[in-house]
Structure formats: structure tokens, C-alpha cells
Amino acid sequence: MVAADEDNRPVAYALLERDGHVDHPYCHPDHTRLGLADLLLEEAEVIARHWDIKRLHTEASDLARPAFKRVGYEVTHKREFEIDGVPIDNWVTEKTLV
């Protein structure tokens with residue numbers, strides 16, 4: 001899913017996998033706080049329902065977690081790990097579709 005600006009340039013996107021995993025949500029810094037993340041996540045739900053997916057899930061960064069919370073995702077747990085010696089954490093979140 002891609003959101004574009006008035007000049008049809010992509011400014012935000014998210015991927016939805018067939019297992020209900022929402023991956024790589026991103027919004028260009030110049031286009032934050034405009035509701036684009038909410039719109040993309042709502043569109044993910046529309047597609048998920050079309051694919052008969054019952055649960056959406058993701059690993060949200062500290063920055064992305066509020067967007068997921070706004071549209072009804074709940075945190076199940078925090079993950080802490082390292083990549084090439086760099087400590088990283090994120091939040092496993094999910095939403096059951098009814």
C-alpha cells in the first residue's frame with residue numbers, strides 16, 4: 001500500500017503479507033502527523049478481510065507503536081535483540097479482525 005502526495009510522489013507505505021504480517025510501515029518525515037499511517041493500516045484491514053485473514057500482526061518500533069495503537073493493535077510483548085552488536089528493541093503487536 002502506498003500513499004502519495006498531491007504531485008503523486010510516494011510519501012508513505014506499508015506491506016501486508018498473506019499471513020497477516022504488516023511489514024515496513026514508513027512515512028517520510030515531511031509527511032508525518034497527517035493521518036497517513038492510520039489510512040494505510042485501515043487499508044491493510046480492508047485487504048486482509050478480502051484475503052480472509054483473521055489477525056494482523058507486526059513488530060513496531062517505539063516511533064510506530066502509537067500509530068498501531070490508534071487503530072486498535074495491542075502489544076503482546078517487547079522484543080530485545082542485537083544486530084551486529086547493536087541493541088535493538090521493538091514491540092510485537094496484533095489486532096484480531098472481526
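Which of the residues belonging to region 67-89 are closer than 15 Å to A14 by Cβ and open to solvent by less than 80 Å² (accessible area, probe 1.4 Å)? Across region 67-89, the qualifying residues are A67, F68, V71, Y73. When the residues of region 72-98 are filtered to those that are at pLDDT 95 or above and in a loop (DSSP other than H, G, I, E, B), the one that is farthest from A48 (Cα to Cα) is G85. Listed by first and then second residue, the pairs with beta-carbon distance under 9 Å, at least 6 apart or on different chains, first residue in region 2-16 and over 26 Å from H57 (Cβ atoms), second of a type in the set (G, A, S) and open to solvent by less than 50 Å² (accessible area, probe 1.4 Å), are A4/A12.
Selection of region 29-46 for residues being of a type outside the set (A, V, I, L, M) and either in contact with a helix residue (DSSP H, G or I) (Cβ under 9 Å, 6 or more places away or on another chain) or not in a helix (DSSP H, G or I) (or both) yields T32, R33, G35, D38.
Screening R49, R55, R18 for residues that are under 14 Å from the mean Cα position of the chain (by Cα), open to solvent by 60 Å² or more (accessible area, probe 1.4 Å) and basic (K, R) leaves exactly one candidate, R55.
The test for being assigned to a helix (DSSP H, G or I), under 25 Å from K78 (Cβ atoms) and modelled with pLDDT under 95 holds for P66. What about E82, is it charged (D, E, K, R) and closer than 20 Å to V2 by Cβ? Judged against the criteria, E82 is not a match. Could you go through region 1-10 and let me know if any residue there is open to solvent by less than 70 Å² (accessible area, probe 1.4 Å) and closer than 14 Å to T96 by Cα. So far as region 1-10 goes, no, none of its residues is open to solvent by less than 70 Å² (accessible area, probe 1.4 Å) and closer than 14 Å to T96 by Cα. Selection of region 32-49 for residues being among the charged types (D, E, K, R) and without any contact (Cβ under 8 Å) to a residue 40 or more places away in the chain yields R33, D38, E42.
The values are calculated or read from the model by the stated rules, or taken from the named source; none is laboratory data. Fair warning: this is a prediction, and the values are worked out from it, not measured in the lab. Reconstructed Cβ throughout: ideal geometry from the backbone, glycine too, with neighbour counts over all protein chains shown. Remember, those area values only see protein heavy atoms, side chains included, never the ligands or the DNA or RNA. Shrake-Rupley method; radii C 1.70, N 1.55, O 1.52, S 1.80 Å.
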